[in-house]
Amino acid sequence: MAKKISGPRILTANLLGDGLVVFLGKDGSWAPSLESAWLAHSNDDLEQLEALGGEAARSNTIVDPYLVEVEDTGSTLLPVEMRERMRARGPSVNLEFNSKSNGHALVADQAVAG
Amino acid sequence: MYRYDEFDATFVSERVDQFRDQVARRVKGDLTEEQFRPLRLMNGLYLQLHAYMLRVAVPYGTLNSKQMHKLAYIADKFDRGYGHFTTRQNIQYNWPKLPDVPDILEHLAEVEMHAIQTSGNCIRNVTADQWSGVAADEVEDPRPYAELMRQWSSLHPEFSFLPRKFKIAVTGDKADRAAIAYHDIGLRLKKNAAGEVGFEIFVGGGMGRTPMIAARVRDWLPKSELLGYLEAVMRVYNLNGRRDNKYKARIKILVHELGAEEFTRQVEEEYARLDAPQGLPSDQELERIAAYFAPPAYEDLAENDAVHTQHLVDNKDFAEWVERNVAPHKITGYAIVNISLKPVGGVPGDATSGQMHAIADMAEKMSLDEIRVTHEQNLVLPNVRKHDLFAVWQELKEHKLADANLGLATDIISCPGLDYCGLATARSIPISQDISIRLGDIKRQRDIGDLKIKISGCINACGHHHAGHIGILGLEKRGVEYYQITLGGSGDETASIGQIIGPGFSSETVTDAVETIVDTYMDLRKSGETFLEAYRRVGAEPFKEAVYATH
Ligand code: HEM
Ligand code: SF4
């Protein structure tokens, strides 16, 4: 059962096979970027997201789905928690090896979250 | 080095087959994640922040060149071309894919490696002084006993389900390079008054949210009685340890709650009762294990090598590297080469596959095929002829591995923190990089002298911050990272726990605070006094004043 909503949320998980972070998109597919993530604004939305997450976990596409609170800045979605911002962007180090890592202006972001 | 016997080889290869089957069943959906999780953890496979992470054991930190080549091969073929050496003398891969893991484990088994006992509430991979068997002042090589304990603990069903994970470290030297006082059990080989070698036994050390220095429970125990005595320790723990509360379940809490004296009394009582401890090895078995650690084929060399001496005179950079990174060897004409994995601004403990291959080649050609991993996240070529030191240095330089900073301010320990770890509260690697760049000038580092900075990304303390002369702990408040500083910790034979100096610092100001602390030390030190000695003389006050006056 979904908790009462305080801010918009998206659904995230890790792919079962390669373990990588994914977000549930508006079209129902799982993508590595949160840009096109399905944004839940109401409790009904939340319940639907959770149901889809449970289904995807049962069908062994993903593991450990959960909701992440985000801030919708208009141009981008920004997870409220530091940990979730890191998951969305990839490591801020070893950039030569980690292609997903980009836009690591985490310090600046903190003003938004603070 | 220890070689698998038939039993080990069968055991490991059966485990690989079993895991291959479990992965197939998981992918097909015959196993749920809840059912699969404990199985993958038993094989060293975690799900971290961004991906799976595989932790591969390097028992007592000893590798041969074939094994190092294999680690490099795995990094290339199944990961992103690099690996992270940890404070537990393991290597972690950050990006393995689940269907590949059985293949990775099979590759590891080919070179007698595995990922067993790197997770769970069992006796973990036993760690050892990285200079075991070669240190000039060593009483005896402790690794045969580490191997003995590995076999003993692997086979003991009773010890696979402990109240909590259990870590053992061994050293054969007076100088403690294995942080034994910070382990559940720490063992030091030493001689008694009669000149016989035995074990000094410490119990109940640990990091985490309740850091503790281990209590000495036995000043000297005959070597042959080791397993019997450990069995008594484990029984007292198993009977009394708190299984009800994860945070209180470590043996350190039991030792603390009972008091060292009462704990020791109970162990001795249990030990006296144990007339025939289970599974004690025969003398033959001990000899069989010890034979695997027999010294390699050293040559008969002179103390000094003219070519080497000339290079020292001719090349200042080389001489400085030798001074910091090369240590005396117990065999005449040989030296211990310490390879820093801490380039200024780099990621502590990381090595690329190219670097791993290069080190493996050097080990084969110039270190009698041996490599060691240190708990300070560096590597060692333990058997280098003085004659070859210059060639090794040049080769290391070519692979960006010749930083002459061993034990200096930029030889920082850092856990993966929030860049990789699912439990982290803050990032630790970028802070270590920032500090490393700030203090990176080698002249300044040499002037500062011995200094251990250690950083953890959460209270679990994988980065040993409690044992840092300067310790940094990353925390988080309302979505913002901040950093707490401790001073005066030490993980050596004078072990102590660092004390918090006051309110924490932001990610932008923590490096300034560290620099202020270092500058304060430079101002107040007496001639020849290290940072730790100065801190122990003057206490925290002058440092606090300096740091908080400017904030
Ligand atoms: C990235 C995945 C990791 C996870 C999930 C993890 C988890 C943990 C946890 C939960 C503890 C606390 C245990 C306790 O107090 O009972 C711990 C302690 C520790 N870990 Fe890790 N760790 C990770 C990586 C590492 C790495 C990379 C290192 C080495 C750099 C390391 C070395 C240690 C050490 C030395 C301790 C302290 C042992 C003690 O409490 O006495 N861990 N770890
Ligand atoms: S100290 Fe915390 S952040 Fe660092 S590796 Fe350990 S569990 Fe992860």
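The values are calculated or read from the model by the stated rules, or taken from the named source; none is laboratory data. Please read all numbers here as calculations on a predicted model, not as lab measurements. In this analysis, Cβ positions are derived from the backbone assuming ideal geometry, glycine residues included, and neighbour counts consider all displayed protein chains. The area values use the complete protein model at the heavy-atom level, side chains included, leaving out ligands, DNA and RNA. Shrake-Rupley method; radii C 1.70, N 1.55, O 1.52, S 1.80 Å.
When only alpha carbons are used to place a centre, the stretch B:352-409 and the stretch A:30-50 end up 50 Å from one another. Ordered by 1.4 Å accessible area with all protein chains kept, B:ARG438, B:ARG55 run largest first as B:ARG438, B:ARG55. When B:TYR271, B:TYR548 are compared by accessible surface with a 1.4 Å probe, the order from highest to lowest is B:TYR548, B:TYR271. Ligands, DNA and RNA are left out, and with a 1.4 angstrom probe the accessible area of chain B is 38 Å² per residue.
Across every pair of non-identical alpha carbons in the stretch B:31-107, the mean reciprocal distance, once inverted, gives a Kirkwood radius of 13.0 Å. When only the Cβ of Lys, Arg, Asp and Glu is charged (+1, +1, -1, -1), the dipole of the protein assembly as shown relative to its Cα centre reaches about 1240 debye. By accessible area, using a 1.4 Å probe on protein heavy atoms only, the stretch B:413-550 has 53% of its surface on carbon and sulfur.
Roughly how big is the B-A contact, given as buried accessible area in Å² (both sides, 1.4 Å probe, nearest 100)? In total, this chain pair buries about 2700 Å².
When B:HIS399, B:HIS464 are compared by accessible area of protein heavy atoms, the largest-first order is B:HIS399, B:HIS464, using a 1.4 Å probe. FRET efficiency for the pair B:GLU493 and B:GLU257, taken as 1/(1 + (r/R0)^6) with r the Cβ-Cβ distance and R0 = 22 Å, rounds to 0.25. Separation between the B:ASP283 and B:ARG446 pseudo-spin-labels, each 7 Å from Cα along Cα→Cβ, expressed in nm? Each label point is offset 7 Å from its Cα along the Cβ direction, giving 5.3 nm.
Just check the stretch B:316-475 against the gyration tensor rule for me: Cα atoms, a ≥ b ≥ c as the square roots of the eigenvalues, rounded for a/c under 1.5, and otherwise prolate or oblate depending on whether a/b exceeds b/c. Taking the square roots of the gyration eigenvalues as a ≥ b ≥ c, the stretch B:316-475 is prolate.
Assuming a ≥ b ≥ c are the square roots of the Cα gyration tensor eigenvalues, decide whether the stretch B:482-551 counts as rounded (a/c under 1.5), prolate (otherwise, with a/b larger than b/c) or oblate. Taking the square roots of the gyration eigenvalues as a ≥ b ≥ c, the stretch B:482-551 is oblate.
Take the Cα of B:ILE437, step 7 Å toward its Cβ, do the same at B:GLU320, and the gap between the two points is 2.1 nm. Pairs spanning more than 30 Å between alpha-carbon atoms, out of B:LYS342/B:LYS386; B:LYS77/B:LYS365; B:LYS397/B:LYS544; B:LYS397/B:LYS454; B:LYS174/B:LYS452: B:LYS397/B:LYS544. Residues of the stretch B:402-451 buried by at least 20 Å² of accessible area upon assembly of all protein chains, compared with the chain on its own (1.4 Å probe): B:LEU418, B:ASP419, B:TYR420, B:GLY422, B:ARG427. The mean count of C-beta atoms from other chains within 10 Å of the C-beta of residues in A:58-68, rounded to a whole number, is 2. Between B:VAL538 and B:TYR73, residue separation times 0.36 nm minus the direct Cα-Cα distance comes to 162.4 nm.
Going by the alpha-carbon gyration tensor, a ≥ b ≥ c the square roots of its eigenvalues, is chain B rounded (a/c under 1.5) or, if a/c is not under 1.5, prolate (a/b greater than b/c) versus oblate? Rounded, because the longest to shortest axis ratio a/c is under 1.5.
Surface calculation, 1.4 Å probe, protein heavy atoms: B:ARG265 sits at approximately 120 Å² accessible. Summarising the label geometry, the points placed 7 Å from Cα in the beta-carbon direction at B:ILE500 and A:GLU81 lie 2.3 nm from one another. Using only side-chain charges placed at the Cβ, +1 for Lys and Arg and -1 for Asp and Glu, the dipole size of chain B relative to its Cα centre rounds to 1660 debye.
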